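J.: Before we start, here is the structure in question, set down as structure tokens.
The values are calculated or read from the model by the stated rules, or taken from the named source; none is laboratory data. Bear in mind the structure is a predicted one, so any value in this text is a computation, not a measurement. Here the Cβ is made from the backbone with ideal geometry for all residues, glycine too, and neighbour counts use every protein chain on show.
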């Protein structure tokens, strides 16, 4: 049985210019609350840093309505709020590292549990399920940050129901 410590969660997914954490930056990011509230942002980035895979698989899914990092930071802080939610992502070491690299740890996230980002893939693994095969459903919009964050939320609650009977 899995009993979460807190229901105060926000599901997050991001798409990056490259998988290299020393040079990559977030190009789109999404947050979904358990209530269904959503925030999706496309962030200005250097197009010269895009991997070929990103050019082929991520860029075509973007609307092209890019905003500055400063505007994104402000919208993210407003969305997260001050009630200290836990951020959960599918493989958090990428999402969280790129998040901190893009927005800066001490400035952007002083009011939430940034030291405790939760990883759904680990939870799936310790539930006896192969994380590579788990996601509750596949979508044609896979690798779109909002669609992936929605899928993350859906999969999290499906896993809880599945493991708790």
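J.: Within segment 6-32, restricting attention to residues that are loosely packed, with under 12 Cβ neighbours inside 10 Å and more than 22 Å from residue 161 (Cα to Cα), which residue is modelled with the highest pLDDT?
T.: Looking at residues that are loosely packed, with under 12 Cβ neighbours inside 10 Å and more than 22 Å from residue 161 (Cα to Cα), I get 20.
J.: Taking the residues in segment 33-45 that are within 21 Å of residue 104 (Cα to Cα) and surrounded by 17 or more Cβ atoms within 10 Å (Cβ to Cβ) as candidates, determine which candidate is farthest from the chain's Cα centre (by Cα).
T.: Top of the filtered list is 45.
J.: Considering only segment 46-82, how many residues are within 18 Å of residue 12 (Cβ to Cβ), assigned to a loop (DSSP other than H, G, I, E, B) and either without any contact (Cβ under 8 Å) to a residue 24 or more places away in the chain or in contact with a strand residue (DSSP E or B) (Cβ under 7 Å, 6 or more places away or on another chain) (or both)?
T.: 2
J.: Scan segment 1-45 for residues that are closer than 20 Å to residue 158 by Cβ and assigned to a strand (DSSP E or B) and jot them down.
T.: Selection gives 9, 10, 11, 12, 13, 30, 31, 32, 38.
J.: Considering (1) within 30 Å of residue 161 (Cα to Cα); (2) exposed (fewer than 13 other Cβ atoms within 10 Å of the Cβ); (3) at pLDDT 90 or above, say which one residue 3 fails and leave the rest.
T.: (3)
J.: Same structure again: Please go through (1) closer than 30 Å to residue 74 by Cα; (2) within 17 Å of the chain's Cα centre (by Cα); (3) at pLDDT below 80 for residue 89 and return the number of the only condition it doesn't satisfy.
T.: (3)
J.: For residue 52, are the conditions met, namely being at pLDDT 95 or above and surrounded by fewer than 12 Cβ atoms within 10 Å (Cβ to Cβ)?
T.: When the stated conditions are applied, residue 52 passes them.
J.: Between a first residue in segment 105-134 that is assigned to a strand (DSSP E or B) and a second residue that is modelled with pLDDT of 80 or more and surrounded by 17 or more Cβ atoms within 10 Å (Cβ to Cβ), which pairs have beta carbons less than 6 Å apart while being 6 or more apart in sequence or on different chains?
T.: That search, which allows pairs on different chains as well, returns 118/86; 118/88.
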